[in-house]
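This is the structure I have questions about; it appears just below.
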Amino acid sequence: MAWTSHPVLSFQGVVRAPGDKSCSHRALMFAGLADGTSEISGLLEGQDVINTALAMAALGATVEQTGPGKWMVSGVGEAGLRSPAGDIDFGNSGTGSRLMIGLMAGYPLTARLVGDASLSKRPMNRVLKPLERMGARFDHDGGGMLPLTLHGSAALSAIDFEPEQASAQVKSCILLAGLNANGTTTVTESRPTRDHTEKMLRGFGVKLSTRPAGGTRQTVSIEGGQTLTPVDTVIPGDPSSTAFLIAGALISPSGGVVVENVMSNETRDGFFQAAAMMGAGLGAEEIGDAAGERLVDLQAASASLKGRAIPERLVASMIDEFPILSVLAAFAEGETVVTGAEELRVKESDRIAAVVAMMRVNGVEVEERADGFVVQGCGGPPPGGGLVETHHDHRIAMSALVMGTATQKPVSIDDPGMIATSYPDFMAHMEQLGADIRAG
Ligand code: S3P
């Protein structure tokens with residue numbers, strides 16, 4: 001059913017950021033491997049993360065919700081992961097599936113892995129090929145996509161691997177397989193991607209090293225055969241979800257938003273840097289740390305934005321934020337150019353095509369490129385009035401609804417259902433800040 005975001009005159013208030021999705025997945029996985037019981041609080045209870053919790057339980061961990069956002073996990077420890085009784089369903093989640101494939105590959109188990117229509121179209125060869133080199137086997141129909149059956153091995157061999165894409169999912173998958181391989185596994189990336197796997201594994205007592213490898217390249221190494229020690233951990237707030245609320249403040253005629261408890265990590269802050277380059281005056285107040293990450297309260301107000309060429313060095317650190325960046329670009333004066341972002345083609349939807357369609361249906365001029373897009377900003381509120389096809393992509397849905405808070409005419413989406421995969425409280429937070437979003 002369609003939902004519509006009606007323009008509002010102000011967008012103001014204070015909201016606490018939801019738990020970070022990347023950290024939530026990892027906390028459940030690592031606690032599920034550890035030798036003992038971990039307590040996690042502030043977990044994001046989005047469907048993607050719940051699917052990871054169910055997967056760890058199916059593989060032998062005890063995973064229990066003890067309160068809102070609070071989870072107790074007793075890991076498998078020495079016993080290791082075991083074959084699940086049925087299929088493991090990762091739903092919509094690329095992160096859940098790709099990281100778990102690496103985690104499972106180092107155990108002598110067999111598991112059939114499935115996902116929803118979007119995930120079943122996403123490329124898995126980027127992780128299957130290196131894992132085959134390490135000694136895991138996969139049965140699939142030849143296309144390298146889900147559904148597939150994984151045959152893990154207790155005798156994986158370490159590899160030195162250079163992924164073709166700058167991808168934290170690929171890096172993490174191989175490092176997690178390396179945790180149970182013989183020897184030292186290394187992953188050398190062309191540009192640093194989000195480092196939550198490395199940071200959180202260290203928190204669980206695992207030794208890894210990260211060193212520069214020339215230019216923007218860096219190598220992460222992990223020695224096989226290490227055990228994880230349980231920890232009590234607090235998940236920091238999600239900067240990617242925060243970006244939607246900050247954008248809402250920037251485009252509003254009377255915007256003033258504070259998002260509390262946001263993780264400040266340089267591998268995740270590209271959107272905020274890009275917004276600042278476009279003229280946003282963002283305030284950040286340090287409030288402490290959680291799970292080894294710095295936390296800030298982020299503040300934004302209405303801004304008169306200018307189009308910019310987004311530097312390619314920012315792409316990895318804002319890979320999930322291009323749909324909401326396009327919304328800022330639509331309100332800005334002048335041209336915003338995105339290049340070097342071809343990975344957007346294989347996200348929950350083809351995000352370049354979906355962004356281009358979202359712009360056009362709302363009266364914004366845009367050019368599609370193989371590796372990005374160029375938006376001609378309206379220098380104020382774009383016309384709006386469009387029905388945006390979300391292609392079951394949560395970030396397209398949320399971007400369109402934020403856009404509709406300040407366009408000339410309302411903006412609709414075909415289906416809000418997928419928003420719950422990453423940000424179940426999105427509608428409540430938007431309403432709290434003054435948005436007018438209704439069914440129909
Ligand atoms: C993620 C990595 C990114 C990102 C995704 C979360 C992670 O994917 O888009 O939402 O938690 O490792 P890629 O590794 O495919 O860039």
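Considering only the stretch 222-266, how many residues are over 27 Å from ALA166 (Cβ atoms), out of contact with any helix residue (DSSP H, G or I) (no Cβ under 8 Å at 6 or more places or on another chain) and surrounded by fewer than 22 Cβ atoms within 10 Å (Cβ to Cβ)?
The qualifying residues number 8.
Which pairs do you get when a residue that is within 20 Å of THR185 (Cα to Cα) and loosely packed, with under 15 Cβ neighbours inside 10 Å, found in the stretch 131-156, comes within reach of a residue that is modelled with pLDDT of 95 or more and of a type outside the set (A, V, I, L, M, F, W, C), reach meaning Cβ atoms under 7 angstrom, with the pair 6+ apart or on two chains?
ARG137/HIS151; ALA154/TYR107; ALA154/PRO108; ALA155/GLY135; ALA155/ASN182
Right, something else. Only one of these is among the hydrophobic types (A, V, I, L, M, F, W, C), farther than 22 Å from GLN218 by Cβ, away from the ligand (no atom under 15 Å from the Cβ) and out of contact with any helix residue (DSSP H, G or I) (no Cβ under 6 Å at 6 or more places or on another chain): ALA276, ALA300. Name it.
Checking each option against the conditions leaves just ALA276.
While we're here: Across the stretch 180-211, what is the total count of residues that are within 21 Å of ASP35 (Cα to Cα) and either in a helix (DSSP H, G or I) or within 16 Å of the ligand (Cβ to nearest atom) (or both)? Don't jump to the end; show me each part of the working.
First pass over the stretch 180-211, keeping only residues within 21 Å of ASP35 (Cα to Cα): 180-182, 196-208.
Going one step further and asking which of them are either in a helix (DSSP H, G or I) or within 16 Å of the ligand (Cβ to nearest atom) (or both), we end up with 196-203, 208.
Result for the stretch 180-211: 9.
Next up: Does the stretch 294-301 contain at least one residue that is at positive phi, part of a strand (DSSP E or B) and either under 21 Å from the mean Cα position of the chain (by Cα) or surrounded by fewer than 17 Cβ atoms within 10 Å (Cβ to Cβ) (or both)?
No: the stretch 294-301 contains no residue that is at positive phi, part of a strand (DSSP E or B) and either under 21 Å from the mean Cα position of the chain (by Cα) or surrounded by fewer than 17 Cβ atoms within 10 Å (Cβ to Cβ) (or both).
Is there any pair with a first residue in the stretch 188-212 that is under 14 Å from SER22 (Cβ atoms) and assigned by TED's automatic domain parsing to the domain that holds ASN265 and a second that is within 13 Å of the ligand (Cβ to nearest atom) and not charged (D, E, K, R) whose Cβ atoms are under 9 Å apart and which are 6 or more apart or on different chains, and what are they?
none
Can you tell me which residue is modelled with the lowest pLDDT among those in the stretch 212-240 that are in a loop (DSSP other than H, G, I, E, B) and within 16 Å of the ligand (Cβ to nearest atom)?
THR216
Check GLU321 against each of (1) touching a residue at least 24 places away in the same chain (Cβ under 8 Å); (2) out of contact with any Asp or Glu (no Cβ under 8 Å at 6 or more places or on another chain); (3) away from the ligand (no atom under 16 Å from the Cβ) and name the one condition it does not meet.
(3)
Going residue by residue through the stretch 399-407, is there one that turns out to be of a type in the set (Gly, Ala, Ser), within 16 Å of the ligand (Cβ to nearest atom) and buried (at least 24 other Cβ atoms within 10 Å of the Cβ)?
Yes, because at least one residue in the stretch 399-407 is of a type in the set (Gly, Ala, Ser), within 16 Å of the ligand (Cβ to nearest atom) and buried (at least 24 other Cβ atoms within 10 Å of the Cβ).
Name every residue in the stretch 259-280 that is more than 14 Å from the chain's Cα centre (by Cα), within 21 Å of PRO18 (Cβ to Cβ) and not acidic (Asp, Glu), in order of residue number.
Once the filter is applied, which keeps residues that are more than 14 Å from the chain's Cα centre (by Cα), within 21 Å of PRO18 (Cβ to Cβ) and not acidic (Asp, Glu), the stretch 259-280 yields VAL259, ASN261, VAL262, SER264, PHE272, ALA275.
In this structure, does LYS347 turn out to be within 16 Å of the ligand (Cβ to nearest atom) and assigned by TED's automatic domain parsing to the domain that holds SER302? Talk me through it step by step, then tell me what you get.
Working: within 16 Å of the ligand (Cβ to nearest atom): yes; assigned by TED's automatic domain parsing to the domain that holds SER302: yes.
Considered against the rule, which asks whether it is within 16 Å of the ligand (Cβ to nearest atom) and assigned by TED's automatic domain parsing to the domain that holds SER302, LYS347 comes out as yes.
Quick check on VAL364: is it buried (at least 24 other Cβ atoms within 10 Å of the Cβ), over 30 Å from THR233 (Cβ atoms) and either without any contact (Cβ under 8 Å) to a residue 40 or more places away in the chain or not assigned by TED's automatic domain parsing to the domain that holds VAL411 (or both)? Explain how you work it out, then say what you get.
Values: buried (at least 24 other Cβ atoms within 10 Å of the Cβ): yes; over 30 Å from THR233 (Cβ atoms): yes; either without any contact (Cβ under 8 Å) to a residue 40 or more places away in the chain or not assigned by TED's automatic domain parsing to the domain that holds VAL411 (or both): yes.
So VAL364 fits the description; yes.
Hey, another quick one. Tell me which residues, restricted to the stretch 381-416, are under 10 Å from SER5 (Cβ atoms), of a type in the set (S, T, N, Q) and out of contact with any helix residue (DSSP H, G or I) (no Cβ under 7 Å at 6 or more places or on another chain).
Hits for the stretch 381-416 are THR407, SER412.
Could you please find all residues in the stretch 346-368 being under 17 Å from the mean Cα position of the chain (by Cα) and over 16 Å from GLU321 (Cβ atoms)?
Residues satisfying the conditions are VAL346, ASP350.
Quick check: is even one residue across the stretch 241-254 within 15 Å of the ligand (Cβ to nearest atom) and part of a strand (DSSP E or B)?
No: the stretch 241-254 contains no residue that is within 15 Å of the ligand (Cβ to nearest atom) and part of a strand (DSSP E or B).
Examine the stretch 267-278 for a residue that is more than 18 Å from GLU198 (Cα to Cα), surrounded by fewer than 20 Cβ atoms within 10 Å (Cβ to Cβ) and small (Gly, Ala, Ser), and state whether such a residue exists.
From the stretch 267-278, those more than 18 Å from GLU198 (Cα to Cα) are 270-278; that's our starting set.
Checking the rest, the ones that are also surrounded by fewer than 20 Cβ atoms within 10 Å (Cβ to Cβ) come to 273, 276-277.
Going one step further and asking which of them are small (Gly, Ala, Ser), we end up with 276.
Yes, the conditions are met somewhere in the stretch 267-278.
Among the residues of the stretch 126-134, are any closer than 19 Å to THR52 by Cβ, out of contact with any strand residue (DSSP E or B) (no Cβ under 8 Å at 6 or more places or on another chain) and within 12 Å of the ligand (Cβ to nearest atom)?
So far as the stretch 126-134 goes, yes, one or more of its residues are closer than 19 Å to THR52 by Cβ, out of contact with any strand residue (DSSP E or B) (no Cβ under 8 Å at 6 or more places or on another chain) and within 12 Å of the ligand (Cβ to nearest atom).
Related question: Checking ASP20 against (1) within 17 Å of LEU179 (Cβ to Cβ); (2) within 16 Å of the ligand (Cβ to nearest atom); (3) of a type outside the set (S, T, N, Q), only one condition comes out false. Which one?
The number of the failed condition is (1).
May I ask you to say which residue of GLY340, GLY292 is within 14 Å of the ligand (Cβ to nearest atom) and either touching a residue at least 24 places away in the same chain (Cβ under 8 Å) or within 28 Å of ARG217 (Cα to Cα) (or both)?
GLY340 is the lone residue from the list that is within 14 Å of the ligand (Cβ to nearest atom) and either touching a residue at least 24 places away in the same chain (Cβ under 8 Å) or within 28 Å of ARG217 (Cα to Cα) (or both).
Which pairs turn up if I take residues in the stretch 166-177 that are closer than 16 Å to GLU342 by Cβ and look for partners that are among the basic types (Lys, Arg) with beta carbon separation below 6 Å, at least 6 apart in sequence or on another chain?
Within 6 Å, the pairs are ALA166/ARG191; GLN169/ARG98; VAL170/ARG126.
From the residues in the stretch 84-139 that are of a type in the set (S, T, N, Q) and under 17 Å from SER22 (Cβ atoms), which one is nearest to the chain's Cα centre (by Cα)? Steps first, please.
First, pick out the residues of the stretch 84-139 that are of a type in the set (S, T, N, Q): 92-93, 95, 97, 110, 118, 120, 125.
Of the ones still in play, those that are also under 17 Å from SER22 (Cβ atoms) are 92-93, 95, 97.
On the way: ASN92: 12, SER93: 9, THR95: 7, SER97: 13 Å.
Checking each candidate, the answer is THR95.
The values are calculated or read from the model by the stated rules, or taken from the named source; none is laboratory data. The structure displayed is predicted, hence computed values, not measured ones. Heads up, the Cβs are rebuilt from the backbone with ideal geometry, glycines too, and the neighbour counts pull from every protein chain shown.
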